[in-house]
Amino acid sequence: MKLLIVPVTPFQQNCSVLICEKTHKACAIDPGGDLSRIEAAIAGEGATLEKVFLTHGHIDHCGQSIELAQKHGVPLEGPHRDDAFWIDQLPGQGKMFGFPPLQAFTPDRWLDDGDTVRFGEQTLEVLHCPGHTPGHVVFYHRPSHLAIVGDVLFQGSIGRTDFPRGDHDTLIRSITGKLWPLGSEVAFVPGHGPMSTFGEERQNNGYVADDVLN
């Protein structure tokens, strides 16, 4: 499996493009905007978009996701249904932040903890990790020890919890209870900024390092 990271929108949100190298089928995780850049990245690898997946309902992650899915006639899956209220606000939020006209939508499939999603011959495990938003999910590709964590965790930081229905204690439990057990060697793509590993964050992250929480 191949990973491409395409920063999109004025928020420089990391859209992750995963490509199954056996089938040349791709998924786009959090294609919030700048769709031409995402499409060019996929085409540049000779791949075909098969699925769109969402970690959560914030505008920079999902704003133009339905447009991409409809244009290519592919399913849109995720996030957890507890983020429906965020997706319903997309038209108004788009105007507020100067995005192109955005539409609210219902995904083809809401995701729950323990679900799996598939593209090509690849399977991603779904972990419900609330705290930044109530319906936030993380995608984990076990064979390559790679997690796409959205805005749950960053290199040296964690997701904001001052948005509606965010909760700091819940976020910490999601990180320590859902992400850390996957293993310190797991590399992750955050919603913004550079990649890191869970082991690195357990050592050095000022919010969730082991010696900070213990």
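A short reminder: the numbers here are calculations on the coordinates, not readings from a lab. Keep in mind it's a predicted model, so treat the numbers as computed, not measured. Please note: Cβ atoms are built from the backbone with ideal geometry, for glycine as well, and neighbour counts cover all protein chains shown.
Would you be able to tell me the number of residues in region 1-51 that are hydroxyl-bearing (Ser, Thr, Tyr), surrounded by 14 or more Cβ atoms within 10 Å (Cβ to Cβ) and under 15 Å from SER65 (Cβ atoms)? Spell out the reasoning first.
Let us first name the residues in region 1-51 that are hydroxyl-bearing (Ser, Thr, Tyr), namely 9, 16, 23, 36, 48.
Cutting the leftovers down to surrounded by 14 or more Cβ atoms within 10 Å (Cβ to Cβ) gives us 9, 16, 23, 48.
Still in the list and also under 15 Å from SER65 (Cβ atoms): 9, 16.
Total satisfying the criteria: 2.
Could you pull out the residue among THR133, THR170, THR176, THR161 that is within 16 Å of the chain's Cα centre (by Cα) and of a type in the set (Ser, Thr, Tyr)?
Details: THR170 fails: within 16 Å of the chain's Cα centre (by Cα); THR176 fails: within 16 Å of the chain's Cα centre (by Cα); THR161 fails: within 16 Å of the chain's Cα centre (by Cα).
It is THR133.
Under the condition of being hydrophobic (A, V, I, L, M, F, W, C) and farther than 15 Å from ASP151 by Cα, which residue from region 60-88 is surrounded by the fewest Cβ atoms within 10 Å (Cβ to Cβ)? Quick ask: steps written out before the conclusion?
Residues of region 60-88 hydrophobic (A, V, I, L, M, F, W, C): 62, 66, 68-69, 74, 76, 84-87.
Those left that are additionally farther than 15 Å from ASP151 by Cα: 66, 68-69, 74, 76, 84-85, 87.
On the way: ILE66: 22, LEU68: 20, ALA69: 22, VAL74: 20, LEU76: 21, ALA84: 18, PHE85: 14, ILE87: 26.
Step by step, filter region 60-88, then rank; the result is PHE85.
Test LEU146 against the criterion of being in contact with a His (Cβ under 6 Å, 6 or more places away or on another chain), surrounded by 18 or more Cβ atoms within 10 Å (Cβ to Cβ) and either polar (S, T, N, Q) or closer than 16 Å to LEU3 by Cβ (or both), and give yes or no.
Working: in contact with a His (Cβ under 6 Å, 6 or more places away or on another chain): no; surrounded by 18 or more Cβ atoms within 10 Å (Cβ to Cβ): yes; either polar (S, T, N, Q) or closer than 16 Å to LEU3 by Cβ (or both): yes.
Against the criterion (in contact with a His (Cβ under 6 Å, 6 or more places away or on another chain), surrounded by 18 or more Cβ atoms within 10 Å (Cβ to Cβ) and either polar (S, T, N, Q) or closer than 16 Å to LEU3 by Cβ (or both)), LEU146 does not qualify.
Scan region 82-89 and give yes if some residue there is assigned to a loop (DSSP other than H, G, I, E, B) and over 22 Å from ARG142 (Cβ atoms), otherwise no. Quick ask: steps written out before the conclusion?
Taking region 82-89 as the starting set, the residues that turn out to be assigned to a loop (DSSP other than H, G, I, E, B) are 89.
Now drop any that are not over 22 Å from ARG142 (Cβ atoms), which leaves 89.
Taking every residue of region 82-89 in turn, at least one turns out to be assigned to a loop (DSSP other than H, G, I, E, B) and over 22 Å from ARG142 (Cβ atoms).
Name the single residue, out of those in region 22-81 being closer than 19 Å to PHE105 by Cβ, aliphatic (A, V, I, L, M) and not in a strand (DSSP E or B), that is nearest to the chain's Cα centre (by Cα).
Only one residue fits best here, namely LEU54.
Taking region 114-137 on its own, how many of its residues are in contact (Cβ under 8 Å) with a residue 24 or more places away in the chain, of a type outside the set (Ser, Thr, Tyr) and either crowded, with 23+ Cβ neighbours inside 10 Å or within 18 Å of SER174 (Cα to Cα) (or both)?
As a first pass, look at region 114-137 and keep what is in contact (Cβ under 8 Å) with a residue 24 or more places away in the chain: 117-122, 124, 126-137.
Adding the requirement that they be of a type outside the set (Ser, Thr, Tyr) leaves 117-122, 124, 126-132, 134-137.
Pick out the ones that are also either crowded, with 23+ Cβ neighbours inside 10 Å or within 18 Å of SER174 (Cα to Cα) (or both) and you get 119, 124, 126-132, 134-137.
Qualifying residue count, region 114-137: 13.
So, LEU179, is that one touching a Ser or Thr at 6+ places or on another chain (Cβ under 9 Å), touching a residue at least 24 places away in the same chain (Cβ under 8 Å) and surrounded by 16 or more Cβ atoms within 10 Å (Cβ to Cβ) or not? Full working, then the answer.
Numbers: touching a Ser or Thr at 6+ places or on another chain (Cβ under 9 Å): no; touching a residue at least 24 places away in the same chain (Cβ under 8 Å): yes; surrounded by 16 or more Cβ atoms within 10 Å (Cβ to Cβ): yes.
So LEU179 fails the test.
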